[in-house]
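Shown next, in structure tokens, is the structure this report addresses.
The values are calculated or read from the model by the stated rules, or taken from the named source; none is laboratory data. For clarity, every value in this text was computed on a predicted model and none was experimentally measured. Heads up, the Cβs are rebuilt from the backbone with ideal geometry, glycines too, and the neighbour counts pull from every protein chain shown. Ligands, DNA and RNA are excluded from the accessible area calculation, which covers all protein heavy atoms including side chains. Shrake-Rupley method; radii C 1.70, N 1.55, O 1.52, S 1.80 Å.
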Amino acid sequence: MTTLAKAASPEDIAAQPVVKADRKVQPYWNPYLAGVGLGLVLLAAFVIMGRGLGASGAFTSLVSVGVNAVAPEHAKFNAFFSEYLGDGTHHPLKEWLVFEVIGVLVGGFISGSLAHRIKGTVEKSPRISIRGRMMFAFVGGILMGFGAKLARGCTSGQALTGGALLGVGSWAFMLAVFAGGYAVAYFFRRQWT
Amino acid sequence: MNAPYFKFGYFGDEISLIVAFVIGIGFGFFLERAGFGSGRKLAAQFYLTDMTVFKVMFTAIVTAMVGLFWLSVFGIVDLSLVYVSQTYLVPQIVGGLILGVGFVIGGYCPGTSCVAAATGKYDGMIYLGGIVVGIFIFGEMFPLLENFYTSTAMGSVTLPELFGMSYGLLVFLVVLMALGGFAGAEWVEKKFSKGTSQ
């Protein structure tokens, strides 16, 4: 918290000479401390809203709106998209999860800025090319989107939220995520190690 | 007993969207603080060199679970009004396996890829595009998948109900399991990070 307060001070930032462009990147928080913070945010969602966190649902709203814009008839007769489009009483993007995910982007940016971690880069091992890594990122995203829909939620909505609420499906899901990851990690080691 | 506040009508839908935005900021902030804007750090969980994903996730689960338990014991939160998602066992296990594979290949999950994209990671941005395509494919295939998607329905069943245990006992057991897991994670990290980190 002390480092956060220090970095947040506007005089501090203003006092920095402009030439000092490469400010020192701060270390990440202790994982248990970050975990408690995350847990308290989740608890706040339970207490204030009576629901947990999520992420993939917001993207489903986005996709449904996109499909509806291009092919409204098609979207209407698809039970999956039409559920996310709703009954027309409010705009399908005026969803709780959509606003929450916009917050996630902002919150991530704030934390990253305060710790001087905003940098245009590609996360990968030196053993793989940028092109290769970008291809894997795209394919991984496709699998993630598909899997999250089949499981009715992702790491946020199922593992974190459902885990804390002791949901049976959520715990089965969580074990399956780790099992799936460890099962194939060896084959993709060049990308990360 | 007057929480969850939204369910007791303390504020309406419009305000709830502002609440969503603020809660999202907190969510994104702590994800980034933990280092989850970095695909390499996230993926390291699967190579046993950095167990941060496990530690953060289970600390968060335990914190929220224990907090909610005591708030319900003291009669502050009405647990029956907190939404527990329905269990569809087999599709959720299959979905979880696919998602786990996607995690290792892509390096992120949906929430963490937002944080990665917001902090400038190009792979995180591409990954978000992949998620959109994956959801689109699922939606287009939905008529074929619907039977499987709704199979093995168990309702919103919880672990205490499944094992016939009290809520408090199960919370206690999960805490014990997590503490054991943390000790194990520290040990694994020490054992496997030797030589890989300077």
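Scanning region B:39-56 for residues that are within 13 Å of the chain's Cα centre (by Cα) and surrounded by fewer than 24 Cβ atoms within 10 Å (Cβ to Cβ) gives B:Phe54, B:Lys55. In this structure, does B:Gly67 turn out to be surrounded by fewer than 21 Cβ atoms within 10 Å (Cβ to Cβ), within 29 Å of B:Met1 (Cβ to Cβ), in contact with a helix residue (DSSP H, G or I) (Cβ under 7 Å, 6 or more places away or on another chain) and not basic (Lys, Arg)? Judged against the criteria, B:Gly67 is a match. For B:Glu186, the test of being open to solvent by 30 Å² or more (accessible area, probe 1.4 Å), acidic (Asp, Glu) and touching a residue at least 24 places away in the same chain (Cβ under 8 Å) is passed. Scanning region B:76-108 for residues being open to solvent by less than 20 Å² (accessible area, probe 1.4 Å) and either touching a residue at least 12 places away in the same chain (Cβ under 8 Å) or of a type outside the set (A, V, I, L, M, F, W, C) (or both) gives a total of 14. Just checking, does region A:160-168 include any residue being under 25 Å from B:Leu17 (Cα atoms), free of Cβ contacts under 8 Å to residues at least 40 places away in the same chain and either within 7 Å of another protein chain (Cβ to nearest Cβ) or open to solvent by less than 20 Å² (accessible area, probe 1.4 Å) (or both)? For region A:160-168, residues under 25 Å from B:Leu17 (Cα atoms), free of Cβ contacts under 8 Å to residues at least 40 places away in the same chain and either within 7 Å of another protein chain (Cβ to nearest Cβ) or open to solvent by less than 20 Å² (accessible area, probe 1.4 Å) (or both): present. Of all residues in region A:125-156, those satisfying the criterion of being touching a residue at least 40 places away in the same chain (Cβ under 8 Å) and either more than 7 Å from chain B (Cβ to nearest Cβ) or among the small types (Gly, Ala, Ser) (or both) are A:Ser125, A:Arg127, A:Ile128, A:Gly132, A:Gly145, A:Ala148, A:Gly153, A:Ser156. Collect the residues in region B:1-38 that are over 30 Å from A:Gly120 (Cα atoms), open to solvent by 10 Å² or more (accessible area, probe 1.4 Å) and within 7 Å of chain A (Cβ to nearest Cβ), keeping them in residue-number order. Scanning region B:1-38 gives B:Tyr5, B:Phe6, B:Lys7, B:Leu17, B:Val19.
Against the conditions (1) more than 24 Å from B:Glu146 (Cβ to Cβ); (2) more than 7 Å from every other protein chain (Cβ to nearest Cβ); (3) in contact (Cβ under 8 Å) with a residue 12 or more places away in the chain, B:Asp123 satisfies every one except (2).
Among the residues of region A:127-141, which ones are open to solvent by 40 Å² or more (accessible area, probe 1.4 Å) and in contact with a Gly (Cβ under 7 Å, 6 or more places away or on another chain)?
Within region A:127-141, A:Phe136, A:Phe138, A:Val139 qualify.
So, A:Gly86, is that one under 22 Å from the mean Cα position of the chain (by Cα) and of a type in the set (Gly, Ala, Ser) or not? Considered against the rule, which asks whether it is under 22 Å from the mean Cα position of the chain (by Cα) and of a type in the set (Gly, Ala, Ser), A:Gly86 comes out as no. The residues of region A:76-98 include none that are farther than 10 Å from A:Ser61 by Cβ, buried (at least 17 other Cβ atoms within 10 Å of the Cβ) and of a type in the set (A, V, I, L, M). Of all residue pairs spaced 6 or more apart or on separate chains, those with beta-carbon atoms under 8 Å, a first member in region A:57-76 that is among the small types (Gly, Ala, Ser) and a second member that is outside any helix (DSSP H, G or I) are A:Gly57/A:Glu95; A:Gly57/A:Gly153; A:Ala58/A:Glu95; A:Ser61/A:Pro92; A:Ser61/A:Leu93; A:Ser61/A:Glu95; A:Ser64/A:Pro92. Every test in (1) of a type in the set (A, V, I, L, M); (2) under 18 Å from the mean Cα position of the chain (by Cα); (3) more than 23 Å from A:Gly37 (Cα to Cα); (4) open to solvent by less than 40 Å² (accessible area, probe 1.4 Å) is passed by B:Ile135 save one, and that test is (2).
The number of residues in region B:139-177 that are open to solvent by less than 20 Å² (accessible area, probe 1.4 Å) and over 21 Å from the mean Cα position of the chain (by Cα) comes to 2. Within region A:25-38, residues that are farther than 22 Å from A:Leu53 by Cα have Cβ atoms under 7 Å from residues that are open to solvent by 60 Å² or more (accessible area, probe 1.4 Å) in these pairs: A:Gln26/A:Thr3, counting only partners at least 6 apart in sequence or on another chain. How many residues are open to solvent by less than 40 Å² (accessible area, probe 1.4 Å) and within 7 Å of chain B (Cβ to nearest Cβ) when one looks only at region A:99-120? Number satisfying all stated conditions: 9.
Only residues that are small (Gly, Ala, Ser) and either more than 7 Å from chain B (Cβ to nearest Cβ) or not in a helix (DSSP H, G or I) (or both) were counted across region A:22-51, and they come to 1. Residues of region B:138-145 include at least one that is within 9 Å of chain A (Cβ to nearest Cβ) and in contact with a Leu (Cβ under 9 Å, 6 or more places away or on another chain).
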